[in-house]
1. Within segment 276-322, how many residues are acidic (Asp, Glu) and within 13 Å of the ligand (Cβ to nearest atom)?
2. List, please: which pairs have Cβ atoms under 6 Å, are six or more places apart or on different chains, and start with a residue in segment 296-321 that is modelled with pLDDT of 95 or more and end with one that is among the basic types (Lys, Arg) and near the ligand (Cβ under 7 Å from one of its atoms)?
3. Looking at Asp128, Asp120, Asp63, Asp150 in this structure, which one is surrounded by fewer than 21 Cβ atoms within 10 Å (Cβ to Cβ) and in contact with a Phe, Trp or Tyr (Cβ under 7 Å, 6 or more places away or on another chain)?
4. Would you mind telling me which numbered condition in (1) more than 7 Å from the ligand (Cβ to nearest atom); (2) at pLDDT below 95 Leu273 fails?
5. If a residue must be buried (at least 20 other Cβ atoms within 10 Å of the Cβ) and either assigned to a loop (DSSP other than H, G, I, E, B) or in contact with a strand residue (DSSP E or B) (Cβ under 7 Å, 6 or more places away or on another chain) (or both), how many such residues does segment 280-300 contain?
6. When only residues in segment 254-270 that are among the polar types (S, T, N, Q) and crowded, with 21+ Cβ neighbours inside 10 Å count, which is farthest from the ligand (Cβ to nearest atom)?
7. Look at segment 194-209 and say how many of its residues are surrounded by fewer than 17 Cβ atoms within 10 Å (Cβ to Cβ) and outside any helix (DSSP H, G or I).
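The values are calculated or read from the model by the stated rules, or taken from the named source; none is laboratory data. This structure is a prediction, so every number in the text was calculated from the model and none was measured. For neighbour counting, all protein chains shown are included, and Cβ atoms are generated from backbone atoms with ideal geometry for every residue, glycine included.
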Amino acid sequence: MEIQNLQDMGEGVPVFDQTLKNHGLSLKRGKTITCQVNLGLLCNQACKHCHLSAGPGRKELMDLNTIHQVIEFQKKIKCEVVDITGGAPEMNPHLSVLIEEMATVSKTLMLRSNLSALYDAKDKVLLDLLVKHRVNIVSSLPSLNLAQTDAQRGEGIFDKSIEAFKLLNEMGYGKRGTGLVLDLVSNPTGAFMPPDQAIAEKRFYRFLKDKWGIVFNQLFTFANMPLGRFETWLKNKGNYEVYLNSLWKGFNPCTVEALMCRHLISISWDGYLYDCDFNQAAQLPKGNLRTHVSDLTSLGFENQEIAVGNHCYACTAGSGFT
Ligand code: SF4
């Protein structure tokens, strides 16, 4: 069994590719359904678990020229879903342009929001645009506990997140019959596995509804990626190897078929292609080649090998991240 650079990879953990082979599996792209656009690494929060090390001090933002190149790409590839992420995408001044243009060429638009950025922006034009184009909101909240959330995301973030939930509900988001989808993703507040998704969904739903009357559609849980700021934190605490080992031991071969990278193309803030957002943090470009969205000669990605690293164990542990 191949063991790579133990210091970097976690002591005794086989490289991910080898684990796939040991199970008679490989990871290849299928039909591309989702085009994920990262609008930049600037964020109002500096969460401890952030795999992209996004934060208030980051300067990387997708510029208008690249946004137009991404729109042209989507016109050619015609993905069903356009998934807008960051950092905090609300902090990119060209977000509205992207939404308006993408709405004309995409079936479904999604905006990933940490909630507090949406609350801070207090941008009525943006909020109206989200409703007008029925943009699905994928919000994030790690915990129902104020102290745990603020410890991971920054002081005052829990309260702002609750206010943003209320605002979105007032606009019809998360409410039955409106068609305005408000989903929630939750990741652990430390170096441990996420709880069972169905159980966590019930717990979050009951708590938020009972305490504030807040409703949402679905909740998704995922394991923290051992990349970026979370990787640094794990190493500083001496927990990196233990965490990677626990992800590897939880490897579930049944998750591989449904991994999101099989059907997603991820575009970085500067316009380069990746198989997923996590590979941006790991600096693993699609096909291990740095290809700019404006330089593509072919859109035929199907059956291409997906670039993998040991962070992929976070997607395949337990019920996986699909
Ligand atoms: S990190 Fe996850 S989504 Fe990305 S390539 Fe690895 S398995 Fe696929």
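1. Looking only at that region, the number is 2.
2. none
3. Details: Asp128 fails: in contact with a Phe, Trp or Tyr (Cβ under 7 Å, 6 or more places away or on another chain); Asp120 fails: in contact with a Phe, Trp or Tyr (Cβ under 7 Å, 6 or more places away or on another chain); Asp63 fails: in contact with a Phe, Trp or Tyr (Cβ under 7 Å, 6 or more places away or on another chain).
Criteria check complete, one pass: Asp150.
4. It is condition (2) that Leu273 fails.
5. At the first step, the residues of segment 280-300 found to be buried (at least 20 other Cβ atoms within 10 Å of the Cβ) are 280-282, 286, 293.
With the extra rule that they be either assigned to a loop (DSSP other than H, G, I, E, B) or in contact with a strand residue (DSSP E or B) (Cβ under 7 Å, 6 or more places away or on another chain) (or both), the set shrinks to 280, 282, 286, 293.
Going through segment 280-300 one residue at a time, the tally reaches 4.
6. Going through the qualifying residues, I end up with Ser268.
7. Count: 2.
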